[in-house]
Amino acid sequence: MSPQSIGVVMNGVTGRMGYRQHLVRSVLAINEQGGVTLSGDRRVLLRPVLVGRNAEKLQRLAEGHGIESWTTDLDTALADDANLIYFDAQVTQARVKAVLAAIEAGKHVYAEKPTAETYEDALALAEAATARGVKNGVVQDKLFLPGLLKLRRLIDGGFFGRILSVRGEFGYWVFEGDWQDAQRPSWNYRAEDGGGIVLDMFPHWAYVLENLFGRITSVYAQAVTHIPERVDERGESYRATADDAAYGVFELEGGIIAQINSSWNVRVNRDELVEFQVDGTHGSAVAGLRDCRIQHRATTPKPVWNPDLPATARFRDGWQEVPDNAEFDNGFKIQWERFVRHVVEDAPFPYDFASGARGVRLAELGLRSSAEGRRLPVEP
Ligand SMILES: NC(=O)c1ccc[n+]([C@@H]2O[C@H](COP(=O)([O-])OP(=O)(O)OC[C@H]3O[C@@H](n4cnc5c(N)ncnc54)[C@H](O)[C@@H]3O)[C@@H](O)[C@H]2O)c1
């Protein structure tokens, strides 16, 4: 049987995430492999309809990838009944309005994180989608990274015993833009444009912690702007009004303490751009984007504190690599396939707007905690 196809309106595909991860590595890659596999050996292809503000860029993009449809008019794309899904990877600030329009038009909606800038708006989106009866999903790509999938496997296999703590280190040096171009868009550094590392990263930490370790019960964060002035895409200097580093402590149900540093002002002295160390009574693990290393209680060395002697043990040698034991596909693509199955055949998809809203709430509470200098409870 030849595969059927569904229209997918994609807004924000000229951006970093929209283009590389969602259009090229997900939607087009899915079509290259013959579509999303459904139950009963059926398949469905995705027909992207590119939407954006700049006709020239859209046309170039469409031609470059052999895509038939593009428009600068979102309403036209939403009016077409053949388009079942609306996807949004625009700048965060533009998201709510466009997603609400898509919900109103009866489209199933899939969106980048954060789903909104405020918890109130994020909840409103979740409620609107439920009221209209459309399927909804938020990108939670970190869950599908090989490193975190291995961590999940260790947890499910009982490797850790009782988990005590999680320490996450995320970040890298983002150039200021004066003598080397910045590798992130300048809106990320302006609060008035929806920027800030807390709003960017706490939604990730919310679903990572919630899915792997348990519900978050409290948050303490210190958010700072280490570099107050940067240079934008046009070479003009601007004031960085948003936080560019955040030092957070999260308490989880069951007493696990998670401590996660997020920073765009740190030089990497790690194996990967994000790493989580998990310590449990029976073993520990360090998981990155791809790799995961473990140390079991039986192979744990017994260091003795003595500053008078040089360290003789090479501590990092005492860790063991967790084997792949599986093929790992692109995380964004895996989640796209799952969302399409959710839409087409009602397969389960727990990464909905409600969980997206919990991510935005954690960011909002993190910023409030920082402003007030105190730990804040996170309601169930
Ligand atoms: N899942 C992840 O790991 C991840 C990583 C980075 C960014 N994101 C999210 O993806 C979204 C896009 O981020 P990005 O880094 O791709 O940004 P970007 O600046 O590279 O792209 C933004 C896109 O939005 C469009 N846009 C619409 N209205 C705009 C406006 N008023 N001003 C500027 N651009 C406008 C741009 O044309 C472009 O297509 C953000 O919400 C961000 O939080 C997610």
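Within the stretch 213-242, restricting attention to residues that are part of a loop (DSSP other than H, G, I, E, B) and among the β-branched types (Val, Ile, Thr), which residue is surrounded by the most Cβ atoms within 10 Å (Cβ to Cβ)?
Thr225
Under 9 Å between Cβ atoms, at least 6 apart or on separate chains: pull out the pairs that start in the stretch 38-59 with a residue that is closer than 17 Å to Leu74 by Cβ and more than 16 Å from the ligand (Cβ to nearest atom) and end on any residue that is assigned to a strand (DSSP E or B) and not charged (D, E, K, R).
Listed by first residue and then by second, the contacts come to Arg47/Ser5; Arg47/Ile6; Arg47/Gly7; Arg47/Val8; Arg47/Ser69; Arg47/Asn83.
Would you point out the residue of the stretch 160-195, among those that are of a type outside the set (S, T, N, Q) and in contact with an Asp or Glu (Cβ under 6 Å, 6 or more places away or on another chain), that is nearest to Arg293 (Cα to Cα)?
Taking the candidates together, the pick is Glu169.
Among residues belonging to the stretch 127-140 that are over 18 Å from the mean Cα position of the chain (by Cα) and aliphatic (A, V, I, L, M), point out the one that is surrounded by the most Cβ atoms within 10 Å (Cβ to Cβ).
Among those that are over 18 Å from the mean Cα position of the chain (by Cα) and aliphatic (A, V, I, L, M), it is Ala129.
From the list Ala221, Ala206, Ala258, Ala245, pick out the single residue that is within 16 Å of the ligand (Cβ to nearest atom) and not basic (Lys, Arg).
Ala206
Conditions tested, residue by residue: (1) among the acidic types (Asp, Glu); (2) touching a helix residue (DSSP H, G or I) at 6+ places or on another chain (Cβ under 8 Å); (3) free of Cβ contacts under 8 Å to residues at least 12 places away in the same chain; (4) not in a loop (DSSP other than H, G, I, E, B).
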{"position": "Phe160", "(1), (2), (3), (4)": "no, yes, no, no"}
{"position": "Leu164", "(1), (2), (3), (4)": "no, no, no, yes"}
{"position": "Gln183", "(1), (2), (3), (4)": "no, no, yes, no"}
{"position": "Trp205", "(1), (2), (3), (4)": "no, yes, no, yes"}
{"position": "Asn211", "(1), (2), (3), (4)": "no, yes, no, yes"}
{"position": "Val249", "(1), (2), (3), (4)": "no, no, no, yes"}
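Please specify each residue of the stretch 89-143 satisfying the condition of being away from the ligand (no atom under 12 Å from the Cβ) and either of a type in the set (Asp, Glu) or on the phi > 0 side of the Ramachandran plot (or both).
Glu104, Gly106, Glu120, Asp121, Glu127, Gly133
Have a look at Tyr207, Tyr172 and point out the one that is hydroxyl-bearing (Ser, Thr, Tyr), under 15 Å from the mean Cα position of the chain (by Cα) and closer than 27 Å to Lys333 by Cβ.
Tyr207
For Leu50, are the conditions met, namely being farther than 23 Å from Gly196 by Cα, within 25 Å of the chain's Cα centre (by Cα) and buried (at least 23 other Cβ atoms within 10 Å of the Cβ)?
The answer is yes for Leu50.
Do we have any residue at all in the stretch 273-290 that's loosely packed, with under 13 Cβ neighbours inside 10 Å, within 25 Å of the chain's Cα centre (by Cα) and of a type outside the set (A, V, I, L, M)?
No, there is no match, as no residue in the stretch 273-290 is loosely packed, with under 13 Cβ neighbours inside 10 Å, within 25 Å of the chain's Cα centre (by Cα) and of a type outside the set (A, V, I, L, M).
For residues in the stretch 166-181 being within 14 Å of the ligand (Cβ to nearest atom) and assigned to a strand (DSSP E or B), which is farthest from His226 (Cα to Cα)?
Phe170
All of the numbers you see were taken from the coordinates with simple rules; none came from a lab. Everything numeric here is computed off the predicted structure, so don't read it as measured data. Quick reminder, even Gly has a Cβ in these numbers, built from the backbone with ideal geometry, and neighbours come from all protein chains shown.
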